[in-house]
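The values are calculated or read from the model by the stated rules, or taken from the named source; none is laboratory data. Keep in mind it's a predicted model, so treat the numbers as computed, not measured. For neighbour counting, all protein chains shown are included, and Cβ atoms are generated from backbone atoms with ideal geometry for every residue, glycine included. Remember, those area values only see protein heavy atoms, side chains included, never the ligands or the DNA or RNA. Shrake-Rupley method; radii C 1.70, N 1.55, O 1.52, S 1.80 Å.
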Amino acid sequence: MRTLVNLAILTAIAGTAPARLAAHDRDFNISTRTDGPVRSCSDLHMTWDGQPAATSGDTLTATGSTLSVHAPNNGGVYILGSAGRSDFSISACKAVARPVGSDATAALARIRPAVNGTSLSASGPDSDDWVVYFIVNAPATGNVEIDTINGPVHVERMTGSTAARAANGPIRLLEVSGHATARAVNGPVAYDGHEGTVELHTENGPIKVSLTGERWNSGSLTATAQNGPVKVEVPRDFHSGVRISSSNFSPWKCEGCASGKRDWNDRSRSIEIGSGPVAVTVSTVNGPVAVDWSR
């Protein structure tokens with residue numbers, strides 16, 4: 001079982017405690033049942049204090065080409081772009097801490113996901129022991145905006161516009177092109193792909209960029225980490241330039257970089273690898289650097 005986010009550990013590292021967990025001092029954990037991508041509510045396993053949550057799911061539809069997804073506190077968002085699709089098909093995965101000695105049906109019914117115009121959100125009871133995860137099948141050419149607090153964001157195969165924001169949670173963009181931005185505070189950002197105008201930023205979190213294909217096909221990628229490490233994986237025969245830089249005191253590990261163009265001075269460190277004009281730039285302030293150009 002692969003853990004996606006453990007809020008107790010995450011908030012301890014980040015130095016921030018979300019209101020829900022602080023109010024009842026309870027440990028909410030979510031994991032996937034397989035190593036594959038999340039495609040349905042049955043792929044998620046949620047617990048409170050180690051006990052399985054009571055769960056149910058709702059199905060919603062949003063029309064048009066734009067959707068703003070606002071996950072409730074501790075909730076997450078998974079978006080999969082599908083070519084030829086004209087609307088957004090949404091699975092709202094609801095979970096509550098299982099009541100002792102009573103049925104959870106009424107508690108689950110009080111969790112109400114809703115689409116209002118182009119906005120997707122959820123409301124629930126005044127207690128803190130509930131959560132909603134949204135799984136969205138979206139038009140690949142559509143526009144999505146996502147924000148989460150204490151939960152993950154995963155966006156895959158979108159070619160339109162993507163804007164993702166997370167506080168105390170991870171963001172992953174997989175084969176996302178078009179125009180994409182990802183900003184995380186106290187959480188990591190990961191990107192896999194080779195095209196589009198992509199901007200990644202973290203504060204107090206790491207960035208991982210895994211380039212695929214033979215070159216950066218269009219646009220550019222810019223990734224910056226403030227107080228966090230960066231890791232960059234580049235195919236050996238990548239036909240676009242990649243520039244990685246850091247503060248002068250950042251430790252470096254660079255595999256296969258002997259032929260790269262280095263610039264080491266009293267203020268900064270940088271290296272250019274690949275070939276052709278620079279299309280990818282990755283930098284960190286106050287964080288270590290790991291580069292793999294040996295694949």
Point to revise | region 229-289 - accessible surface per residue (Å², probe 1.4 Å) | key: 50 Å²
Revision key, fill the gap. Computed, not fitted: 222 nm per-residue ellipticity of the chain from DSSP H runs ≥ 4 (each -39500 (n - 2.57)), nearest 500, equal to -1500 deg cm²/dmol
Point to revise | Sparsely packed chymotrypsin sites (Phe, Trp or Tyr not before Pro) within region 208-295, loop by DSSP, other Cβ within 10 Å at most 15 | key: PHE249
Practice item. About the Cα centre of region 165-228, how large is the charge dipole given +1 on each Lys and Arg Cβ and -1 on each Asp and Glu Cβ? Please answer in debye to the nearest 20. Key: 180 debye
Check your understanding: In what sequence, highest mean first, do 179-190, 122-133, 107-118 appear when ranked by Cβ atoms within 10 angstrom?
Key -> 179-190, 122-133, 107-118
**Study point:** Rounded to the nearest 20 debye, dipole of the chain from Cβ charges on Lys, Arg, Asp, Glu
**Key:** 320 debye
Review point. Given (1) 1.06; (2) 1.02; (3) 0.95 as candidate values of Cα Rg over 2.2 N^0.38 Å, which corresponds to the one derived from the coordinates?
Key: (1)
Review point. Given H placed 1.01 Å from N in the peptide plane, which residues other than close sequence neighbours of ALA53 have an amide H under 5 Å from its amide H?
Key: MET46, THR47, TRP48
Exercise for review: Pick out, from SER123, THR141, ALA258, the residue whose Cα sits farthest towards the positive end of the charge dipole of the chain, with +1 on the Cβ of Lys and Arg and -1 on the Cβ of Asp and Glu.
Suggested key: ALA258
Exercise for review: Starting from region 220-258, pick out the trypsin sites (Lys or Arg not before Pro) whose DSSP state is loop and whose Cβ has at most 11 other Cβ atoms within 10 Å.
Suggested key: ARG236
Study note, to complete from the structure: Placing +1 on each Lys and Arg Cβ and -1 on each Asp and Glu Cβ in region 18-174, then taking the dipole about the Cα centre, the residue among THR32, VAL132, SER65 whose Cα reaches farthest towards the positive end is SER65
Point to revise | For region 130-137, 3J(HN,Hα) per residue [Karplus equation, 6.51 cos²θ - 1.76 cosθ + 1.60, θ = phi - 60°, Hz, x = Gly/Pro] | key: 8, 7, 10, 10, 9, 10, 10, 8
Check your understanding: What nm distance separates the two modelled labels at THR63 and ASP103, each placed 7 Å from Cα along Cα→Cβ?
Key -> 3.6 nm
